[in-house]
Amino acid sequence: MEFGFYLPNNGPTAQPDALAEIARRGDEFGFHSMVVGDHILVPKKIDSPYPYTTSGEFPGGETGEYLEQLTLLTFLAGITQKIRLVPSVMIVPYRNPLLAAKMLATLDVLSKGRLTLGVGVGWMEEEFEALDAPPFADRGEVTNEYLQIFKELWTNDNPSFHGKPYQFSGINFLPRPVQKPHPPIWVGGQSRRAMRRAAELGNGWHPVG
């Protein structure tokens, strides 16, 4: 059995020195992984039900303060040696798929192959709207296609993709991730669709609660 822990990306310990101390200690003590959640912004009014509390209220929305997930892990990659870096879950539709694939590949290269990618479709419709992300109702389909895009970019010498929300061809995409064929993908969510996504597109299932 291996243990990991969540890093703070908001609140009083979401500061460079405190985060560095937590990460270094986790690395020294032999923890398997450190994990960071994903919110780019928090709308002041949230009607979307939070799926992980009985009341449906989101406990992390009081201040709206969140460090960006991938930037935080890249910072900590440079001051740790062995502990795995897990964005979990990264809300896949929030970021352009080519940009996200590049950021993740960069994180894997700079950490010498320590990225494990946790992914999810998201739950806060208001955040989707504020980010001008793909439609909330299409988030499952979009996530599936973006994961296919990640794999195409990370494994193919001449990557191309012709999907519904996104198409590309005739590009170079380097450097690729250190891990082959690509970093492990853990799929979050408790729905049947999430479990199917884990089986078809992931390397593991990452439920909460």
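The values are calculated or read from the model by the stated rules, or taken from the named source; none is laboratory data. All of these numbers come straight from a predicted model, not from anything done at the bench. All Cβ positions, even for glycine, are placed from backbone atoms using ideal geometry, and neighbour counts span all protein chains on display. Surface areas here come from the heavy atoms of the whole protein model, side chains and all, with no ligands, DNA or RNA. Shrake-Rupley method; radii C 1.70, N 1.55, O 1.52, S 1.80 Å.
Considering the conditions (1) free of Cβ contacts under 8 Å to residues at least 40 places away in the same chain; (2) in contact with a helix residue (DSSP H, G or I) (Cβ under 9 Å, 6 or more places away or on another chain); (3) small (Gly, Ala, Ser), residue 101 is excluded by exactly one of them, (1). If you take the residues of the range 6-20 that are over 20 Å from residue 40 (Cβ atoms) and loosely packed, with under 13 Cβ neighbours inside 10 Å, which of them is modelled with the highest pLDDT? Here the answer is 17. For the range 121-209, the helices (runs of 4 or more DSSP H) that sit wholly inside it and include 2 or more residues that are touching a Lys or Arg at 6+ places or on another chain (Cβ under 9 Å) and either under 30 Å from residue 4 (Cα atoms) or at pLDDT 95 or above (or both) are 125-130, 139-155. Restricting the first member to the range 108-135 and to residues that are under 18 Å from residue 41 (Cβ atoms), and the second to residues that are polar (S, T, N, Q), the beta-carbon pairs closer than 7 Å and six or more apart or on different chains are 121/143; 123/48; 124/48; 125/48; 126/48. For the structure I just gave you, tell me whether residue 109 is of a type in the set (A, V, I, L, M, F, W, C) and either surrounded by 21 or more Cβ atoms within 10 Å (Cβ to Cβ) or assigned to a loop (DSSP other than H, G, I, E, B) (or both). No, not satisfied. Answer yes or no: is there a residue in the range 18-41 that is out of contact with any strand residue (DSSP E or B) (no Cβ under 7 Å at 6 or more places or on another chain) and polar (S, T, N, Q). Checked the range 18-41: no residue is out of contact with any strand residue (DSSP E or B) (no Cβ under 7 Å at 6 or more places or on another chain) and polar (S, T, N, Q). Number of residues in the range 112-153 that are crowded, with 21+ Cβ neighbours inside 10 Å and farther than 26 Å from residue 52 by Cα equals 4. The condition (being in contact (Cβ under 8 Å) with a residue 60 or more places away in the chain and either open to solvent by 60 Å² or more (accessible area, probe 1.4 Å) or of a type in the set (Asp, Glu) (or both)) is satisfied by just one residue among 40, 46: 40.
For the range 89-135, the set of residues classified as closer than 21 Å to residue 197 by Cα and β-branched (Val, Ile, Thr) consists of 89, 91, 92, 116, 119, 121, listed by residue number. Annotation: residue 45 fulfils all but one of (1) within 26 Å of residue 62 (Cβ to Cβ); (2) at pLDDT 95 or above; (3) more than 15 Å from the chain's Cα centre (by Cα); the unmet one is (2).
Annotation note: of 98, 104, 70, 76, the sole residue that is assigned to a helix (DSSP H, G or I) and open to solvent by 10 Å² or more (accessible area, probe 1.4 Å) is 98.
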